[in-house]
1. Can you show me the helix-derived [θ] at 222 nm for the chain, built from DSSP H runs with n ≥ 4 at -39,500 (n - 2.57) apiece and divided by the number of residues, rounded to the nearest 500.
2. Obtain the nm distance between the two label points defined at LEU35 and ALA131 by a simple spin-label model: each point lies 7 Å from its Cα along the Cα-to-C-beta direction.
3. Would you work out the relative contact order for the chain, in percent, from Cα pairs under 8 angstrom that are 6 or more residues apart?
4. Give me the distance in nm between label points sitting 7 Å out from Cα along the Cα-to-Cβ direction at HIS297 and GLN56, one decimal.
5. In straight Cα distance, which aspartates and glutamates are under 16 Å from LYS305, not counting same-chain residues fewer than 8 positions off?
6. Rounding to the nearest 10 and keeping the result within 0 to 90°, find how far the Cα-based axis of helix 195-209 lies from the longest principal axis of the chain.
7. What is the Cα centroid distance between region 318-335 and region 70-132, reported in whole angstrom?
8. Taking 8 Å as the Cα distance limit and 6 or more residues as the minimum spacing, I'd like the relative contact order of region 243-303 as a percentage.
Amino acid sequence: MQRTSILHSTGYTEQENLALARGQRTNPRETMVVLPRFLQPFLTWVTGMPFAGQRQIIRWTPWTLVLCTVCEIALGVVVGAAALSHSVMLAICLLPVSWILTTGGIRMFFVVIEHTCTHHIFSRTRWVNEAVAEIISVVFWTQHYAAFKSEHATHHRVTRMAADPDTHFLNEWGFAAGMPKEAVIRKILATLVSPKYHIVTFLERLKYSISGARIKKLASPLFVIGMVFVVYQLDILMYWLILWILPVTILFQCSMLLNILTEHRWPQDAAKRDLQEVCYGRFCGEPTPDTDGLPFHSRALLWGKWWFRLVFIFLPYRLFVLVGDEPHHDFHHRQPNSDWANASYARHEALARSRTDKYGEYTDEWGSLLDHIYASSSPRNIHAT
Ligand SMILES: [Zn+2]
Ligand SMILES: [Zn+2]
């Protein structure tokens with residue numbers, strides 16, 4: 001974890017900084033066990049890591065995750081519609097919530113559900129995997145089953161090496177191994193607002209969406225025509241553009257860039273496959289403050305800041321970029337057939353037996369999106385948690 005995330009904050013006394021430093025010496029997730037028991041499942045989901053010995057209350061299946069994701073998208077649209085129907089101030093406050101939920105749900109369908117379909121681990125039935133992937137491709141304008149499967153198989157074989165399609169994507173938009181962190185941040189900001197990036201990436205997605213299986217070539221245009229017809233009939237053009245088109249195009253592509261960039265570390269040697277070097281767990285959060293012996297106002301300040309950062313930094317990151325089992329992408333590379341729907345617990349249980357497998361030792365990086373941008377552009381460092 002990047003130590004800058006807390007210790008460089010201002011406004012703390014020396015005693016409070018010492019308290020924070022003490023808390024950081026341990027696994028951030030283990031420091032959260034001081035919070036009430038009913039919050040622990042939520043904290044496990046946000047951070048991506050259970051505490052030692054935690055029992056899973058709900059075991060997810062692929063279809064319950066699909067249902068949950070549909071609800072997430074519906075909630076995003078409803079929140080957005082409510083915001084637009086009332087005051088400008090409400091719209092300013094709630095539209096970001098709407099966009100985060102809707103975009104996160106759409107990304108979940110592509111990054112997690114369609115991804116597992118290409119591995120044939122969404123369903124045991126081959127045609128179900130293919131059908132679900134093609135439906136996602138039609139509805140959300142994403143890569144079709146065959147293209148995703150082929151490119152992703154290459155990604156697994158040569159992760160972050162020169163032939164990896166993700167490496168091509170990053171190189172195409174100006175990212176490369178060894179870039180100074182400041183240059184990475186500047187390049188991210190420039191790319192996120194670049195019309196060229198969004199137009200080129202969207203046209204690529206659209207090309208895939210209207211190709212593939214024969215029935216899909218028919219289904220894709222029909223879906224678009226049907227959607228436009230409904231929008232016209234209900235006279236909801238402005239709602240459609242703001243609450244659906246924006247998330248499914250520009251915001252989807254913002255999340256995509258941030259996810260691909262932080263999913264792996266750049267290797268020191270682009271010609272050598274080294275999963276231990278390029279893979280790491282992306283965990284979302286920071287240690288709770290150690291407030292022992294501090295006066296009430298200091299405790300309140302530290303806990304207030306901790307909750308503020310959880311709600312306004314870590315939670316949006318988890319919903320918008322780090323969707324589904326993305327914190328455990330390293331585990332997926334090492335064990336592609338593992339229980340992806342319950343990956344937090346599956347990885348945690350596997351690492352409780354041994355933190356090392358045939359590829360080497362697992363590494364964890366804790367923090368925010370910024371911490372993971374820095375981690376992905378830095379050499380491997382051991383953070384055993
Ligand atoms: Zn995969
Ligand atoms: Zn990967």
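All of the numbers you see were taken from the coordinates with simple rules; none came from a lab. For clarity, every value in this text was computed on a predicted model and none was experimentally measured. Positions of Cβ are generated from backbone atoms using ideal geometry, with glycine treated the same way; all protein chains shown enter the neighbour counts.
1. Numbers: 21 runs with 224 residues, N = 385.
Rounded to the nearest 500, the figure is -17500 deg cm²/dmol.
2. That separation, rounded to one decimal, is 4.0 nm.
3. Values: 479 pairs, mean separation 99.2, N = 385.
The value is 26 percent.
4. 4.7 nm
5. GLU16, GLU286, ASP290
6. 60 degrees
7. 17 Å
8. Details: 20 pairs, mean separation 12.9, N = 61.
Reported as a whole number, the value is 21 percent.
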